[in-house]
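The structure under discussion appears below in the form of C-alpha cells.
The values are calculated or read from the model by the stated rules, or taken from the named source; none is laboratory data. What you are looking at is a predicted structure, and each value in this text was computed from that prediction instead of being measured. Glycine gets a Cβ as well: all are built from the backbone with ideal geometry, and neighbour counts include every protein chain shown.
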Amino acid sequence: MEQNLSLYHVFNCVAGAGSISRAANQLFISQPAVSKAISTLEADLGTTLFVRSSRGVKLTREGELLYEHTLKAFDALKQGEDALKRIQDLGIGYLRIGVSATLCKYLLLPCLKQFVSENPHIRITIDIQSTTHTLKGLSEGVLDIGLVAKPLNPRDYVFHRIGMIEDIFAASPGYLDNLRLREGDQDIFSRANIMLLDEENISRKYIEDYFKTNHIELKQVLEVSSMDLLIEFAKTGLGIACVVKEFIADELARGQLVSIPLKKPVNKREVGFCYMQNTFLSDSMRKFISHIRSDTSP
C-alpha cells in the first residue's frame, strides 16, 4: 500500500479531471507517465479502473468505489497537514510539569506568569507532588519537566538552576520569650517544639542529615504536611519551624518571625528545572527551556 500512495494520487487526479491530459497538466508530468501509473495501479489491484475513450476517461464501478475511499483518505491527510500547520502557526503544545506545593507557590507560578502570557496556546498541566514522585514521573515519561532541588544523581538529568534556597529555623518572638522563661538558656533543640515537614519530603530528609551530622537530638517533633502550614504554625507560636529563608523574607522583615542562630548553618541547596538526559524535546519544551534560561541569565 505504501508503494501505491503516489499511484493513488495520480488516480485521484485523473478521476477528478476526467482526462489523462488534464491530469498530466495538473501533476506537471507527461501523459505517458500518467497512463503508465494508472496501468500499474490496475495491474496491482487486478481490476480495471477507467474506461478510455476519445473524449477522456470514465470510472468503472470498481474505480468509483476506490475513488470514494481515496478521496476520504487524501482529505484526512489534508486535514492532518492543516492541523499541523495550525499547531505551528499558533504555537499549540502541551507541557507536563511536576513540582512540590511549596516550590509551585514560591517559584513556579512567578516563572509561569510571563511564559503563559507569551505562549497562550500551550496547555500546561501541573502535578503537585513530592520531589521523589516528580523524579519518578520524569523517568517513566509521564512528566516532561520538574522543578526540584538538585537531584543526588545529576548525571541522569539535565538540570537548569534557577536559584539557591537556605533552610533555617524560625519562630515567633513570643514563643522564644516564653521558652526562655520556662527552660532558661539550655540547648534550644532539646527543649523546643520543633516543627518539620513529614518524612516523605526531600527537605525533611535533608534536614535529618543535618541533625545527624551535627549530633543534634530532638525531643519534641511536630510533623506538618506543607511549608505554608509550617510558616503559619510558627507565626501562631506553636514552636520552631524549619522553613526556607527565602520564603519567609516578609515575615522576617516585619518581625513576625525570628531566625534562630545556628552554630553551623544548613548548607544552601540548588533548585531548578530538570528533565531526563536524551529525552525528546518538543517545541513546547524548547520554548519553556529557552524561557527559564533567559529568566535566570545575569
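Here is a check on your reading of the model: is Ile38 within 12 Å of Val10 (Cβ to Cβ) and in contact with a strand residue (DSSP E or B) (Cβ under 8 Å, 6 or more places away or on another chain)?
Against the criterion (within 12 Å of Val10 (Cβ to Cβ) and in contact with a strand residue (DSSP E or B) (Cβ under 8 Å, 6 or more places away or on another chain)), Ile38 qualifies.
Restricting to the stretch 194-217, name every residue that is more than 19 Å from Ile248 (Cα to Cα), more than 33 Å from the chain's Cα centre (by Cα) and in contact (Cβ under 8 Å) with a residue 24 or more places away in the chain.
Within the stretch 194-217, Asn214, Ile216, Glu217 meet the criteria.
So which pairs qualify, if the first residue must be in the stretch 218-236 and in the same structural domain as Arg191 (by TED's automatic domain parsing) and touching a residue at least 12 places away in the same chain (Cβ under 8 Å), the second must be outside any helix (DSSP H, G or I) and among the hydroxyl-bearing types (Ser, Thr, Tyr), the Cβ gap must be under 7 Å, and the two must be at least 6 apart or on different chains?
Ala234/Ser172; Lys235/Ser172
Looking at Arg123 and the list (1) assigned to a helix (DSSP H, G or I); (2) among the charged types (D, E, K, R); (3) over 30 Å from Val258 (Cα atoms), which single condition is not satisfied?
Failed condition: (1).
Taking the conditions exactly as written (in the same structural domain as Leu218 (by TED's automatic domain parsing) and assigned to a strand (DSSP E or B)), does Leu196 satisfy them or not?
Answer is yes for this residue.
Hey, can you tell me all the residues within the stretch 199-239 that are over 19 Å from Asn267 (Cα atoms) and surrounded by 17 or more Cβ atoms within 10 Å (Cβ to Cβ)?
Val224, Leu230, Ile231, Phe233, Ala234, Lys235, Leu238, Gly239
It is to be established whether one or more residues within the stretch 189-198 are at pLDDT below 90, in contact with a helix residue (DSSP H, G or I) (Cβ under 9 Å, 6 or more places away or on another chain) and surrounded by fewer than 13 Cβ atoms within 10 Å (Cβ to Cβ).
Within the stretch 189-198, one or more residues are at pLDDT below 90, in contact with a helix residue (DSSP H, G or I) (Cβ under 9 Å, 6 or more places away or on another chain) and surrounded by fewer than 13 Cβ atoms within 10 Å (Cβ to Cβ).
Would it be correct to say that Ser225 is farther than 17 Å from Leu147 by Cβ and modelled with pLDDT under 90?
For Ser225, the condition - farther than 17 Å from Leu147 by Cβ and modelled with pLDDT under 90 - is met.
From Pro261, Pro265, which residue is surrounded by fewer than 17 Cβ atoms within 10 Å (Cβ to Cβ), without any contact (Cβ under 8 Å) to a residue 24 or more places away in the chain, farther than 30 Å from Asp144 by Cβ and out of contact with any Leu (no Cβ under 6 Å at 6 or more places or on another chain)?
Of the residues listed, the single one that is surrounded by fewer than 17 Cβ atoms within 10 Å (Cβ to Cβ), without any contact (Cβ under 8 Å) to a residue 24 or more places away in the chain, farther than 30 Å from Asp144 by Cβ and out of contact with any Leu (no Cβ under 6 Å at 6 or more places or on another chain) is Pro261.
Could you tell me whether the stretch 167-178 includes any residue that is surrounded by fewer than 17 Cβ atoms within 10 Å (Cβ to Cβ), touching an Asp or Glu at 6+ places or on another chain (Cβ under 8 Å) and modelled with pLDDT under 95?
So far as the stretch 167-178 goes, no, none of its residues is surrounded by fewer than 17 Cβ atoms within 10 Å (Cβ to Cβ), touching an Asp or Glu at 6+ places or on another chain (Cβ under 8 Å) and modelled with pLDDT under 95.
Residue-wise test of (1) surrounded by 14 or more Cβ atoms within 10 Å (Cβ to Cβ); (2) free of Cβ contacts under 8 Å to residues at least 40 places away in the same chain.
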position: Asn119; (1), (2): yes, no
position: Ile126; (1), (2): yes, yes
position: Gln129; (1), (2): yes, yes
position: Thr132; (1), (2): yes, no
position: Glu140; (1), (2): no, yes
position: Leu143; (1), (2): yes, no
position: Gly146; (1), (2): yes, no
position: Leu152; (1), (2): no, yes
position: His160; (1), (2): yes, no
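I'd like to check which helices (runs of 4 or more DSSP H) are fully inside the stretch 205-298 and have at least 1 residues that are under 25 Å from Leu152 (Cβ atoms).
Passing ranges, in order: 227-236, 283-296.
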